[in-house]
Amino acid sequence: MRRCNMDRCNADAVASLDAAFDDYRRRSTAEAATVDLFSGLLGEADDAFFRERLLGHFTASAWLVSQDGRRALLTHHRKLDRWLQLGGHADGDRELDRVALREAREESGLPQLRLEDGAIFDLDRHRIPEHGGVPAHWHYDVRYVVRAGDDEGFTVSDESHALAWRDIAALAVDDHADASVRRMAGKWLQGLEAAADSTG
């Protein structure tokens, strides 16, 4: 197998992410302003793949769906005290789809997870409040679809108070759910409907 040096690997990964942002912009024209924020961060000189960059840094999350696509696994996040998708910091890894899959595995303990297609599913820039001496800062969260296998027996990690499988159709109309979780639920349902129409 061919290996590349670290600088070349990093450059290739950044170029691939830049292309993925362009692809997302084409697919989600209403979110062009959000994509511009992410592309702008990617183009800055400071390395935004490390949590130490407190002006803002990339994170990656998994919209983790059941094998039948009807439910999503959410975490009751220990630090933020909200029900959210699974995910975390890149910590220097520029392949954010890999980060999302790794975080999903670590936070759920599910053994049969796989990336659905590697395309960006959602982008969300949100403010993280001060915690444990770390100042408030921006997360630029890149989300990917991860699908579970037939084993749904999750394990709750130290990152969570609890995990739960939630019905996606119910999440889409749940006024108490996090706004970005509702948005992703709506996107997922629209995708299922479009797929059904194309095969029907």
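For the condition at pLDDT 95 or above and not aliphatic (A, V, I, L, M), what is the one hit in R26, R3?
One residue alone meets the criteria, R26.
It is to be established whether one or more residues within region 171-185 are part of a strand (DSSP E or B) and at pLDDT 95 or above.
The answer is no, given that none of the residues of region 171-185 is part of a strand (DSSP E or B) and at pLDDT 95 or above.
With the structure loaded, tell me whether D68 is in a loop (DSSP other than H, G, I, E, B) and at pLDDT 95 or above or whether it fails that test.
yes
Condition first: closer than 24 Å to D12 by Cβ, part of a strand (DSSP E or B), modelled with pLDDT under 95 and not hydrophobic (A, V, I, L, M, F, W, C). Can you find one or more residues in region 123-136 that meet it? Working first, answer last.
If we filter region 123-136 for residues that are closer than 24 Å to D12 by Cβ, which is where we start, we get 123.
Filter once more, keeping what is part of a strand (DSSP E or B): 123.
If we keep only those that are modelled with pLDDT under 95 too, we end up with none.
Scanning region 123-136, I find no residue that is closer than 24 Å to D12 by Cβ, part of a strand (DSSP E or B), modelled with pLDDT under 95 and not hydrophobic (A, V, I, L, M, F, W, C), so the answer is no.
Out of the residues in region 152-165 that are buried (at least 17 other Cβ atoms within 10 Å of the Cβ) and modelled with pLDDT of 90 or more, which is farthest from the chain's Cα centre (by Cα)?
Once the filter is applied, the top-ranked residue is F154.
Which residue out of A104, A33, A15, A20 is without any contact (Cβ under 8 Å) to a residue 12 or more places away in the chain and either within 26 Å of A172 (Cα to Cα) or assigned to a loop (DSSP other than H, G, I, E, B) (or both)?
Step by step, each of A104, A33, A15, A20 is checked, and only A33 is without any contact (Cβ under 8 Å) to a residue 12 or more places away in the chain and either within 26 Å of A172 (Cα to Cα) or assigned to a loop (DSSP other than H, G, I, E, B) (or both).
Inspect region 146-158 for any residue being in a strand (DSSP E or B) and closer than 28 Å to A32 by Cα and give the result as yes or no. Quick ask: steps written out before the conclusion?
Our first condition is that a residue be in a strand (DSSP E or B); within region 146-158, this holds for 146-147.
When the remaining residues are screened for being closer than 28 Å to A32 by Cα, the result is 146-147.
Yes, some residue in region 146-158 is in a strand (DSSP E or B) and closer than 28 Å to A32 by Cα.
The values are calculated or read from the model by the stated rules, or taken from the named source; none is laboratory data. Quantities reported herein were computed from a predicted structural model and do not represent experimental measurements. When we count neighbours, we look across all protein chains shown, and the Cβ atoms used for this are built from the backbone with ideal geometry, even at glycine.
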